[in-house]
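For reference, the structure discussed in these notes is given below.
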2 protein chains.
Amino acid sequence: MTRVPDTSMYEQLFSHAARRVANQTSILVDLPNEKPDTISLAFGDADPSIFPSHQITSSVSGLLSENVDAVMNYAPADARLHALVTKRLEARGVAVDPAQLMITYGSSQVLGLLPQIFVEPGDTIIVEGPTFLGAVEYFAASGARIETIPVGPDGMDIDSLASCLADLKSRNIRPKFIYTIPTFQNPTGTLMPASARARLVALAAEYGVLVVEDDAYGDLHFKPHTAPSMLTLPGNEWVLHIGTFSKILAPGVRMAWAYGPPAVMKRLRAFKSESDCGTFVTRLVSHMAQDGWLERHIQMLRLHYATKSAAMVQAIAEHFPADVRTNVPEGGFFVYGYLPHDLPAVALNDVAIRHGASFLPGTTGYANGQGTHEMRIAFSFQTVPNCVKGIASIGSAMREMRHKSA
Amino acid sequence: MTRVPDTSMYEQLFSHAARRVANQTSILVDLPNEKPDTISLAFGDADPSIFPSHQITSSVSGLLSENVDAVMNYAPADARLHALVTKRLEARGVAVDPAQLMITYGSSQVLGLLPQIFVEPGDTIIVEGPTFLGAVEYFAASGARIETIPVGPDGMDIDSLASCLADLKSRNIRPKFIYTIPTFQNPTGTLMPASARARLVALAAEYGVLVVEDDAYGDLHFKPHTAPSMLTLPGNEWVLHIGTFSKILAPGVRMAWAYGPPAVMKRLRAFKSESDCGTFVTRLVSHMAQDGWLERHIQMLRLHYATKSAAMVQAIAEHFPADVRTNVPEGGFFVYGYLPHDLPAVALNDVAIRHGASFLPGTTGYANGQGTHEMRIAFSFQTVPNCVKGIASIGSAMREMRHKSA
């Protein structure tokens, strides 16, 4: 009596939004397969050699011996985690209202919720080009039109943004939000200066557009800087700030936060289908941060990633042709490269994998196919020797391509 | 220069769905505040005295010493957790296709996603009355019309369901899904027999409606039974099964699963905005289950909750007036009561709290205000002495109300 499922019968059941989103394909599907021994510089995984295993184990044991009911039963996210995030935001000058804070499963949860609460098909959103590939995927799934503002040495080009907003307004289009990673941008590693941040938030307030400030890498600076969080700038009632424990603790714990305007937080809460983020992991994170441990850990991470970044920058100077231009990052996980016309990134990555290393072609950071001659190189995951070896391999791939076409 | 936020400016930004869902209020808001010393029998929290603290601590320590990168970096949910769920479903006779399985943050995540992927405002869904209060909240937020099928001693009344489906069809209405908790139903504790399950799934296939089988309590039977999972019945291509580790391990870990038709799973995946459920917790759960530990733990839980249930049933026989009818549960966390006309549940609960104990009024389990003379009493969280004391307090509240009105 078991019958073959009739898929068309199901299609009629789904909501409009569900039918739309299911037809999306990942922008990563066309990447070549890396061999097992490839040194992958493609992804921004955290460095496993510095994961705080001991702190995790002792915190789990400590908190289970304190009050197992509070850690393991139904309950909202641990209040101490809210307090921890509040304290860290306050240290950056934010006047925190606890009602505007929400704990989430990684910042990707917020990026997935944003199009759900803001976008009807055909609506416009604004992103940096290039930007975080996950954000592009989440936003594109909503059926939004995506306007791309170029990223220069100082992050998003604010003159281009101003022109774009004016142009959209002249066509009666009010974009839903501007997504930016102002601090150690993914993928370019650039830092947006204070003056540009102030202009951006003022423009957002003028046009009535939300600014989404993704601050995934803000704690990981290699030298001090004074660029403020957009939450502290005039016009901050138009700012939604996203932060995460993925880069400063571990991605595997999936803990992040969002802080923003009450009307936005109300919708994010309503669409966040889980009632909470689990007492166990939220309390684990706050327990680990006790007695200043987290701030000490972050100081160590800054030194650690600065060292890896410097080693990679030096290897690039040695091994890449002079006409490959790269950004020197001041923080974060990535070096970004601009390739000459005879070295298209996708073809180069194929050759590089044969030489033993891989990177991420720039097209993955754009919604509309740009970035064909750009490359993201992550120094975050591999050891220093592997970073150097990987860059040498990519350099030799560049020379081989030129030799063949010469 | 900081301006007062103009909320109306935000309102225009939101999607239709976001404007709708934010106006929902919780059905729990009108419950009276319990005093700190109230014995709460209202909620189905797990019993903290039997949380496996030692197994958690030793598993964390074991898995971090094995491979910290695999546990703490970016990665999909642990494959071993998929294997564990697969094995448990196969043990119940399900022919598992791994592509149809998804790991989620608690079963409430699935309940929150269901209206998003199925419901446009005005669409119809079918639930049991009473049913799980969280499901009612999630479903109502979508703007769905909710049809309620009464629950009798054998669970959902299938004759009523058949009439409802026929009536809807005569009005050209195809409901999106039927939500049922067939095994130790929340809140009634009833077990739907095999024959009723077969009829339900056959009706779903006949009318082209998805059946959502929420199996939160399925493992916690007090004596053996033979009712099969709907996944094993003819017509199972119309069944979405939801299971959870909340009741057999701990709610605080937020781990659950969904298994169902490929077209449905594709949409659930697309709307689940987090990329995965975290390597740390998914691996922790599978690590804890190793070497048969989880199955032994479940056997202990069955005995433990059966003992508490029996104590509560006996206390009810001693302390409640004879015209208060209660279900005797064969598994799960709850006793359900039907109150005579002179004992409305909300007023009784107010008096009971003065007497030192609380329960959950039946209205919380209905979408449309029914259940005014019903009560859910949880034996899951409190100790046996507190369960008995709580029932005695509620019984004395019943007598006080009658004395006053007499």
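A short reminder: the numbers here are calculations on the coordinates, not readings from a lab. All of these numbers come straight from a predicted model, not from anything done at the bench. Using ideal geometry, Cβ is built from the backbone for each residue, glycine included, and neighbour counts are taken over all protein chains shown.
Here are the numbers:
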read-out: Partners for A:Lys223 among aspartates and glutamates (Cα-Cα distance below 15 Å; same-chain residues under 8 apart left out); value: A:Glu330
read-out: Counting DSSP beta bridges with both ends in the protein assembly as shown, the antiparallel % (nearest 5); value: 55 percent
read-out: Segment B:Asp159-B:Asp350, extension gain: residue separation times 0.36 nm, minus the distance between their alpha carbons; value: 65.1 nm
read-out: For region B:378-393, Karplus couplings with θ = phi - 60° (6.51, -1.76, 1.60), whole Hz, Gly/Pro x; value: 9, 9, 6, 8, 6, 5, 4, x, 5, 4, 5, 4, x, 5, 4, 5
read-out: Closest approach to the axis - chain A beta-carbon, rotation onto B, Å; value: A:Val60, 2
read-out: Label spacing, shortest first and in nm, from A:Pro98 to its equivalents in the remaining copies (7 angstrom along Cα→Cβ); value: 4.5
read-out: Estimated FRET transfer efficiency (B:Ser170, A:Met9; beta-carbon r; R0 30 Å; 0.05); value: 0.95
read-out: Expected 222 nm ellipticity per residue - DSSP helices of 4 or more, -39500 (n - 2.57), all of the protein assembly as shown, to 500; value: -13000 deg cm²/dmol
read-out: Whole-Hz couplings from phi, Karplus 6.51/-1.76/1.60, listed for region A:220-235; x for Gly and Pro; value: 9, 8, 8, 8, x, 8, 10, 5, x, 5, 4, 5, 9, 9, x, x
read-out: Teacher prompt: B:Arg302 distances to equivalent labels in other copies, 7 Å Cα→Cβ, nm; value: 5.7
read-out: Antiparallel DSSP beta bridges within chain A, as percent of all bridges there, nearest 5; value: 55 percent
read-out: Total formal charge among the other residues, if their Cβ is under 14 angstrom from that of A:Asp291, Lys/Arg +1 and Asp/Glu -1; value: +2
read-out: Projected-area average for the protein assembly as shown over all orientations - Cα convex hull basis, square nanometres; value: 35.9 nm²
read-out: Antiparallel bridges, percent of DSSP beta bridges restricted to region A:69-292 (to nearest 5); value: 40 percent
read-out: Simple spin-label estimate for B:Gln370 and B:Asp37 in nanometres, 7 Å along Cα-Cβ; value: 4.0 nm
read-out: Other-chain or far-sequence residues with amide H under 5 Å of A:Gly235's (modelled H); value: B:Arg3
read-out: For peptides A:291-299, B:138-146, B:118-126, sequence by mean Cβ density within 10 Å, most packed first; value: B:138-146, B:118-126, A:291-299
read-out: Relative contact order %, chain A, counting alpha carbon pairs below 8 Å whose residues are six or more apart; value: 23 percent
read-out: For peptides B:182-188, B:256-262, A:187-193, sequence by mean Cβ density within 10 Å, most packed first; value: B:182-188, A:187-193, B:256-262
read-out: Shielding by partners, peptide A:71-80 (average Cβ within 10 angstrom, other chains); value: 5
read-out: Burial ranking of peptide ranges B:70-77, A:397-404 (average Cβ count within 10 Å, highest at the top); value: B:70-77, A:397-404
read-out: 10 Å Cβ neighbours from other chains, averaged over peptide A:228-234; value: 1
read-out: Label point 7 Å beyond Cα along the C-beta direction, distances from B:Ile50 to other copies (nm, shortest first); value: 4.5
read-out: Kirkwood Rh in Å, taken over all unlike Cα pairs in chain B; value: 22.6 Å
read-out: Stokes-Einstein diffusion coefficient of region B:69-292, Kirkwood radius over Cα pairs, 37 °C, 0.692 mPa s, in µm²/s; value: 184 µm²/s
read-out: Length added when fully stretched, A:Ser405-A:Ala70, from 0.36 nm per residue minus Cα-Cα; value: 114.0 nm
read-out: Rg and Dmax [Cα atoms of region B:62-129; Å; Rg one decimal, Dmax integer]; value: 17.1, 53
read-out: Length-normalised contact order of region A:69-292 in % [C-alpha pairs under 8 Å, at least 6 apart]; value: 29 percent
read-out: Other protein chain Cβ atoms within 10 Å, averaged over every residue that makes up B:266-272; value: 6
